[in-house]
1. Which ones in region 52-69 are surrounded by 15 or more Cβ atoms within 10 Å (Cβ to Cβ) and either at negative phi or of a type in the set (Phe, Trp, Tyr) (or both)?
2. When you look at Ser2, is it under 12 Å from Tyr97 (Cβ atoms), assigned to a loop (DSSP other than H, G, I, E, B) and out of contact with any Pro (no Cβ under 9 Å at 6 or more places or on another chain), yes or no?
3. So which of Thr77, Thr88 is within 19 Å of Ser22 (Cα to Cα) and β-branched (Val, Ile, Thr)?
4. Among the residues of region 34-51, how many are without any contact (Cβ under 8 Å) to a residue 60 or more places away in the chain and either within 13 Å of the chain's Cα centre (by Cα) or in a loop (DSSP other than H, G, I, E, B) (or both)?
5. From the list Lys106, Lys99, which one is of a type in the set (Lys, Arg) and either surrounded by 20 or more Cβ atoms within 10 Å (Cβ to Cβ) or more than 14 Å from Pro46 (Cβ to Cβ) (or both)?
6. Given the structure, is Ile74 touching a residue at least 24 places away in the same chain (Cβ under 8 Å), surrounded by 14 or more Cβ atoms within 10 Å (Cβ to Cβ) and in a loop (DSSP other than H, G, I, E, B)?
Amino acid sequence: MSQVIADLKYAKSHEWARLLPSGLVEIGITDHAQHALGDLVFVEVPEAGRALEAGAACAVVESVKAASDVYAPIAGTVVECNAELASTPELINQDCYGKGWMIRVKPASASALEGLLSAEAYSAVLAAEGG
């Protein structure tokens with residue numbers, strides 16, 4: 001069973017978002033997504049300063065099985081990228097909700113996270129998908 005963290009927000013496309021004390025939003029892929037992909041061998045994240053549109057592809061993760069787009073769960077501007085992923089993409093497999101974060105974004109609006117799923121709602125999505 002995939003791990004779902006109670007205090008995070010989720011997108012149906014299997015990304016998570018965490019509001020940081022600074023007001024930035026940290027984004028990564030969920031435990032379900034990293035399990036489905038398998039061992040990651042490459043991660044491409046957007047550069048700082050890039051504007052993101054909610055629901056649009058913003059990053060790529062490649063595993064030994066396939067390459068997959070990562071979608072921005074919210075609109076905003078990339079402020080920081082997890083540089084460690086360039087040399088250690090397996091951080092996402094090892095700790096997708098911690099050291100495996102992908103980007104930190106300045107949200108386009110204060111209500112940016114309101115459209116995302118709660119942990120309970122995301123768990124229901126996983127159950128409906130058989131995950």
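1. Leu52, Ala54, Cys58, Ala59, Val61, Glu62, Ser63, Ser68
2. Values: under 12 Å from Tyr97 (Cβ atoms): yes; assigned to a loop (DSSP other than H, G, I, E, B): yes; out of contact with any Pro (no Cβ under 9 Å at 6 or more places or on another chain): yes.
For Ser2, the condition - under 12 Å from Tyr97 (Cβ atoms), assigned to a loop (DSSP other than H, G, I, E, B) and out of contact with any Pro (no Cβ under 9 Å at 6 or more places or on another chain) - is met.
3. Thr77
4. Looking only at region 34-51, we keep the residues that are without any contact (Cβ under 8 Å) to a residue 60 or more places away in the chain, and these are 35, 37-51.
Filter again for either within 13 Å of the chain's Cα centre (by Cα) or in a loop (DSSP other than H, G, I, E, B) (or both), leaving 38-39, 43-50.
Number satisfying all stated conditions: 10.
5. Values: Lys106 fails: either surrounded by 20 or more Cβ atoms within 10 Å (Cβ to Cβ) or more than 14 Å from Pro46 (Cβ to Cβ) (or both).
None of the other options fit; the residue is Lys99.
6. Values: touching a residue at least 24 places away in the same chain (Cβ under 8 Å): yes; surrounded by 14 or more Cβ atoms within 10 Å (Cβ to Cβ): yes; in a loop (DSSP other than H, G, I, E, B): yes.
Spelling it out, Ile74 is indeed touching a residue at least 24 places away in the same chain (Cβ under 8 Å), surrounded by 14 or more Cβ atoms within 10 Å (Cβ to Cβ) and in a loop (DSSP other than H, G, I, E, B).
A short reminder: the numbers here are calculations on the coordinates, not readings from a lab. From a predicted model like this one, the values you see are computed outputs, not experimental measurements. Note that we place each Cβ from the backbone using ideal geometry, even for glycine, and neighbour counts take in every protein chain shown.
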